[in-house]
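The values are calculated or read from the model by the stated rules, or taken from the named source; none is laboratory data. Only a predicted model underlies this, so the values are computations on that prediction, with no experimental measurement involved. Because the Cβ atoms are built from the backbone with ideal geometry, glycine has one as well, and the counts that use them run over all protein chains shown. We work out accessible area using only protein heavy atoms, side chains counted, and drop any ligands, DNA or RNA first. Shrake-Rupley method; radii C 1.70, N 1.55, O 1.52, S 1.80 Å.
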Amino acid sequence: MIYHLAKKLKLNGYVKNDSDGVNVVFNASASEAEGFLSQIKIEAPEKSQIISTKLVKTADQKYVNFTILVEDNNTCEKQVLLSPDLALCPSCRAELNDPENRRYRYPFITCTQCGPRYSIMNRLPYERHTTAMQAFTMCESCNDEYHDVVNRRFFSQTNSCADCGIALSLYRDFSTVVPGDTEAILLRTKIYLQRGKIVAVKGIGGYLLLCDAHNSQAINTLRTRKHRPSKPFAILYPDIHSVQNSFELNQQEKELLESPAAPIVLLAPKSGEFDELAVKEIAQGLEHLGIMIPYNPLLELIAADFDKPLIATSANISGSPIIYKDEDALTYLFDIADYIMTNNREIIIPQDDSVVQVSKYTHQQIILRRSRGYAPSFLRYRPKTKQCILATGAFLKSSFTLVVNGNAFVSQFLGSGESFESQLMYKQTLEHWLEMYAVKPDIIVADMHPGYFSHEYARELAAKFEVELKQVQHHEAHFAAVLAENKLLSKTEPVLGVIWDGTGLGTDQNIWGGEFFTYADNRMERVNHFGYFPTIAGDKTAMEPRIAALCAISKSDHQPKLLKEKFTDAEWNNYHVLIANAKLFTSSVGRIFDAVASLLGICDKQSYEGEAAMYLQKAASVYVLENGFDIKETYINDWNANCPVPTTEMMSNLLVDITGGRPTNYIAAKFHYSMVCLIGTIAEKLNIKHICFSGGVFQNELLVDWIKIEYANKYQLYFHINLSPNDENISFGQMVYHENCIKSKPLAANISSRKNTNEEQFNNFYDLAV
């Protein structure tokens, strides 16, 4: 664009990608230069983003024409942003399916507007020789396009075709290659999928596992081999029209599916689709399915040839990260897949598919996983410093944030810190970033929890680089993240932060998760929380909602038979001994959702994080669909926010409805409404008009809708925009907390001086000021 514009304006000089961005040097008067800069901003490509510009006069030098300069400059300060991988654009999609086009059915067609970027980056700046494309020499035709200023592929670094580009291979075991060219391999793949086979396919950020979404046996085989008993699978549809025919799809959801990020989008099937798909095997007990359309040309060809929906899930054993290296794929994936389709373009940085949902009633976008298409540059926040800050994040939803030379980068989702493979991927990705930018951290910020991998690794790096390690409390990091994303850090009015999740070490050494903070004058204060209840059996409580239920009602006078029946006599006695001697307590709203799901008989043991809460949300959604948001009662009565939320009272009142035979869907909805009402009570008590929400509980679209419907006309409500509410945003919040020198106040006296009937009040609340 800049080259074309300079030629049109008859300016001489050059343009080049450099490690600090795009540099343009040209001969012009001051007024001509200003006009050129203005036109650049007007005519910038649709997918580009201009963050800042600076016009300076240089030493006199005369140029005779305008050129594009390619240099490999590794010595200067690197400031350039990293482009995410971009989904197949309409022009390339049309060429891919045009028999008259020379790239007809070429599985790796790209142009300047689409294709891999971040995933193939070796070093900066972004040029062909600094990416995985350096292995491929352009043929004469591609080279002509590359240097043709009027061609759509002018200076397209990923440019290639069937004569000079990437080649497919198909394996049926570690060493046996199935013979055939591209068309033969695609035909065989179609046949294998029709026969109910599982095929692993190398995508943009890693390998995907594909099988027929109508074939129950194939899906059950995939679940068995992948050790994924019930977690939902995503579904790949051939095109947007097939999605529209099968799902309720509004304009916002359609735009997400067709966007350059092309995430998986959670959609509600039309009634007939449940009869066609193997829904019981794909997403048992849930009302939404994760839907995607092809985001790269290879998937476009596979999906179009098969012409029916396909299961498309990350190629890994559940709990481990996506497999992206060819050697690892051939070594490990035959335990899951019957065939492996690979190619000879290296994936340098692995990424899962991003996942997004749009709430049904208020159309709030909620990012559930930020990865391919969104990561890593983060443009909603401009750091104040050029200091290099590394924030290492949390545990289960791991990510890291790096501030380099005035830019903020939030890594893609990097899996669970409890898996050795995920820890290795985390380390490799971070090391790659530090090498690309040729920096070392000046400060490292970590979660307080000493047992988190991210905390341990932060200590290791701080010692290695001989820099200071700062610690930020988990929920304060959540709050800082949503404040910064909504540009509220400098707001003069106080802001309420409602931070609800499953777990995070508190400053009193208990496990927090149901927190209310205020933010004003660059200080945070924990002003309330859910009443503590015992937490026992370590991580087992998070995976067994029945244990969460036992803990949550442990101080209640009523121990219902319906709960006792969920345990053997030995378990019942042992768990009660553990509760009686508990030293650790929690305010976790995540565990309260689990407890309610168990008490309602919805889920006693879950095979993946959030399963019980999702089933509970579905039950409440059914009630709302039939009755609207019309409930007048809550499970908390006469609470004026002078003391912690009375968890025991809430659970006891809920048990009265259960034993009284009230319908499950009604109780689930009334519980959601009770949670909504708590927010208004706190806000009214504090006379605050601005409320922020963060934490994994706010992935619940019904809860988000109910909050917005209840309070939209009374309060200013702020949710995450380009980050997930879950722990993926913790690293960003840690960085924001440190960079803005936010301080934390001790707990307000009117809260700390009172004891709730079901909690041992915490003490020793200490200042976390950075």
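Answer rounded, prolate or oblate for region 172-228, using the Cα gyration tensor with square roots of eigenvalues a ≥ b ≥ c: rounded when a/c is under 1.5, else prolate when a/b is larger than b/c, else oblate. Kindly include the intermediate steps, with their values, before the conclusion.
Values: a/c = 1.83, a/b = 1.46, b/c = 1.26.
It comes out prolate by the Cα gyration axes.
Quick one: work out the % antiparallel among DSSP beta bridges in the chain, nearest 5.
65
How large is log10 of I(q)/I(0) for region 169-323 at q = 0.09, 0.14, 0.17, 0.18 Å⁻¹ when the intensity is taken from the Debye formula with one equal scatterer per alpha-carbon?
-0.27, -0.68, -1.01, -1.14
Per residue, what volume in Å³ does the Cα convex hull of region 547-588 take up?
Normalising the Cα hull of region 547-588 by residue number yields 72 Å³.
Give me the accessible area of residue 142, 1.4 Å probe, in Å² rounded to the nearest 10.
0
Can you list the aspartates and glutamates whose alpha carbon sits under 12 Å from that of residue 325, skipping same-chain ones fewer than 8 residues off?
Straight-distance partners of residue 325: 346.
Return one quarter of the surface area of the convex hull spanned by the alpha-carbon atoms of region 217-264, equal to its mean projected area, in nm².
So the mean shadow area of the Cα hull is 4.5 nm².
Regarding region 552-662, what is the average projected area of its C-alpha convex hull, in nm²?
Answer in nm², one decimal: 8.6.
Report the Cα-based extents of region 414-529 along its three principal axes, largest first, to the nearest Å.
42, 29, 24
Pairwise over distinct Cα atoms, reciprocal of the mean inverse distance: report the Kirkwood radius of region 566-628 in Å, one decimal place.
Every distinct Cα pair counted, the radius reaches 13.6 Å.
Three principal axis extents, largest first, for the C-alpha atoms of region 109-240, in Å?
Over region 109-240, Cα extents along the principal axes are 53, 33, 32 Å.
With 5 Å bins from zero, work out the P(r) of region 246-384 over every alpha carbon pair and list the percent per bin.
2, 8, 15, 19, 21, 16, 10, 6, 2, 1, 0
Could you work out how far the C-alpha centroid of region 649-671 sits from that of region 466-540, in angstrom?
29
Across 10 Å bins from 0, what is the distribution of all Cα-Cα pair distances for region 666-717, in whole percents?
Spelled out per bin, shortest first, that is 23, 58, 18, 0.
Students often get this wrong, so check it: of 280/670; 16/57; 360/708; 16/54; 397/689, which have C-alpha atoms separated by over 19 Å?
Violating the 19 Å limit, Cα to Cα: 280/670; 397/689.
With the Cα gyration tensor of the chain in hand, convert its eigenvalues to equivalent ellipsoid semi-axes via √(5λ) and list them largest first in whole Å. Each step should come with its number before you reach the end.
Values: eigenvalues 423, 219, 106 Å².
For the chain, the semi-axes come out at 46, 33, 23 Å.
Could you look at the chain and say what percent of its accessible area is carbon and sulfur, using a 1.4 Å probe and all protein chains?
Working: 14400 of 30330 Å².
Carbon and sulfur: 47 percent of the exposed surface of the chain.
Given region 135-193, report the % of alpha carbon pairs whose separation exceeds 19 Å.
Percentage above 19 Å: 47.
Could you give the Stokes-Einstein D for region 489-628 in µm² per second, using the C-alpha Kirkwood radius, 20 °C, 1.002 mPa s?
131
About the Cα centre of the chain, what is the dipole size in debye to 20, counting +1 per Lys and Arg Cβ and -1 per Asp and Glu Cβ, all else neutral?
It comes to approximately 820 debye.
Would you mind getting the accessible area per residue of the chain, heavy atoms of the protein chains only, 1.4 Å probe, in Å²?
On a per-residue basis, 39 Å².
With the contact rule set at Cα under 8 Å and sequence spacing of 6 or more, what percent relative contact order holds for the chain? Working shown, then result.
Working: 1606 pairs, mean separation 91.4, N = 770.
RCO, the chain: 12 percent.
Going out from 0 in 5 Å bins, what whole percent of all Cα-Cα distances in region 73-151 drops into each bin?
Pair shares across the bins are 3, 13, 19, 23, 22, 11, 5, 3, 1, 0.
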